[in-house]
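Student: Got a structure here, written out as structure tokens. Questions coming.
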Amino acid sequence: MKRPSSSDQLRFLTGLQRILEEGSFVATYKFALLMALADFAIQAGQDEVDPEELDVFHLSENFISYYWRQALPYVTSRENDRKYLKMATGSQPVIFNQIVQLHALYHGSLPALRKNANDWHEIKALVADTIAKMPLWKLQVVGPDLVCVLYKQSRVGYQGRVLEFVPGALFNLRQHYDLVRGLVQGAWLRHVRRLNAASLGEIDLDEFLFGSERSTWPGLRQILRDVQGGSCLYCGRGVGDAGDIDHFIPWSRYPQDLGHNFVLAHATCNRSKSDLLASPAHLANWHKRNMVHGEHLSQRFSEKGILHDYLKTRHITNWAYAQAESVGAQLWYAKNDLRPIDPSWRGGWNG
Ligand SMILES: [Zn+2]
């Protein structure tokens, strides 16, 4: 694939900005679609072999995971009053209502829902159909204009669920992921704040909509303990019965959970690493853990309904380190030990 020129990339970003500023947003589907596409771009992850087409069914997992976090009641400004965020100007979106029900049925556990193959497939199919019917053909319509920076379309909507990417669209989403995410989540946040202005109270809306802490992962700690021999991935010392579950590639850089990205670590190591990427030695250890225990991990993640795909995870990892390298970021080696990234991260990892 030909890499988009700087002016093509700028056109992409200004197009996206127009979509977010001038497009009409009734429900929040368009934001979720944009984020699902951006997340997909990184999971697909290779400039040379990017797919030209995509069945939107493959976006439904990412799409659902955004709403799953938001389908909880929050405490409003009135005492003892809990309710769901309003997600549209009129009645609540169908997908949101459906996810609220599944949330209750599965006690808030997305892994538990995934383990029920029927219910999981049903909600994914509903989401895919809804994407095709609603936001897919409306997203790039800005007043009288079509701003086709992501996929090709005419004004007449979509037949079926397959979209055809504009050349370079996936590259642009990947290359400018942080910016795209900032723009989309910022617009999403402002939209939800406007819809719920009267009742928001003390809630940290950003954390409520996009944070990771409310995910529950029953059984995950034990899986990690087994494959790491009860040790912290970073310092190698035992963690005892405690230990944090850390995102190896920090949630702040890529907000989708995939099994292999979880590591067991001391709370102190985890806090010190914070939102940084880990050193090449840690990267090599983590990769080794995932290769040595590959089959075992896949099997147990599946048993627990934890989403996993090591190829996708590797694409995300390569992307995150390459981005860090392009801006000369600091890597975390240990507590109070940060060093600038150099090309050596590629060594213990891609070999
Ligand atoms: Zn440690």
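Student: Report every pair of residues separated by at least 6 positions or lying on different chains whose Cβ atoms are under 7 Å apart, first residue within the range 177-201 and closer than 18 Å to residue 23 by Cβ, second open to solvent by less than 10 Å² (accessible area, probe 1.4 Å) and among the β-branched types (Val, Ile, Thr).
Tutor: 188/28; 191/28; 192/28
Student: Let me ask something additional. Check whether at least one residue in the range 49-59 is open to solvent by 70 Å² or more (accessible area, probe 1.4 Å), of a type outside the set (A, V, I, L, M) and at pLDDT below 90, and report yes or no.
Tutor: Within the range 49-59 (the criterion being open to solvent by 70 Å² or more (accessible area, probe 1.4 Å), of a type outside the set (A, V, I, L, M) and at pLDDT below 90), the answer is no, since none of the residues qualifies.
Student: Which residue pairs have Cβ atoms under 6 Å apart, sit 6 or more places apart or on different chains, and have a first residue in the range 232-247 that is over 19 Å from residue 336 (Cβ atoms) and a second that is open to solvent by less than 20 Å² (accessible area, probe 1.4 Å) and near the ligand (Cβ under 8 Å from one of its atoms)?
Tutor: 239/232
Student: Something else about it: Within the range 157-170, is there a residue that is outside the structural domain of residue 65 (by TED's automatic domain parsing), free of Cβ contacts under 8 Å to residues at least 12 places away in the same chain, loosely packed, with under 14 Cβ neighbours inside 10 Å and not β-branched (Val, Ile, Thr)?
Tutor: Scanning the range 157-170, I find no residue that is outside the structural domain of residue 65 (by TED's automatic domain parsing), free of Cβ contacts under 8 Å to residues at least 12 places away in the same chain, loosely packed, with under 14 Cβ neighbours inside 10 Å and not β-branched (Val, Ile, Thr), so the answer is no.
Student: Now for a different question. How about the range 222-240: which of its residues are among the hydrophobic types (A, V, I, L, M, F, W, C) and either assigned to a loop (DSSP other than H, G, I, E, B) or within 12 Å of the ligand (Cβ to nearest atom) (or both)?
Tutor: Passing the criteria: 232, 233, 235, 239.
Student: Suppose the filter is away from the ligand (no atom under 16 Å from the Cβ), modelled with pLDDT of 95 or more, over 27 Å from residue 37 (Cβ atoms) and open to solvent by less than 20 Å² (accessible area, probe 1.4 Å); does residue 277 pass it?
Tutor: When the stated conditions are applied, residue 277 does not pass them.
Student: Still on this structure, I have one more. Taking the residues in the range 241-260 that are of a type in the set (A, V, I, L, M, F, W, C) and either more than 17 Å from residue 306 (Cα to Cα) or away from the ligand (no atom under 15 Å from the Cβ) (or both) as candidates, determine which candidate is modelled with the highest pLDDT.
Tutor: Across the range 241-260, the extreme among qualifying residues is 249.
Student: Hey, residue 267 hits all of (1) open to solvent by 10 Å² or more (accessible area, probe 1.4 Å); (2) aliphatic (A, V, I, L, M); (3) touching a residue at least 60 places away in the same chain (Cβ under 8 Å) but one; which does it fall short on?
Tutor: Just one mismatch for residue 267, condition (3).
Student: Among 122, 164, 202, which is in a loop (DSSP other than H, G, I, E, B) and acidic (Asp, Glu)?
Tutor: None of the other options fit; the residue is 202.
The values are calculated or read from the model by the stated rules, or taken from the named source; none is laboratory data. Keep in mind that what you see is a predicted model, and the values were worked out from it rather than measured. So basically every Cβ, Gly included, is an ideal-geometry build from the backbone, and we count neighbours across all protein chains shown. Just so you know, the surface numbers come from the protein's heavy atoms only, side chains and all, with ligands and any DNA or RNA stripped out. Shrake-Rupley method; radii C 1.70, N 1.55, O 1.52, S 1.80 Å.
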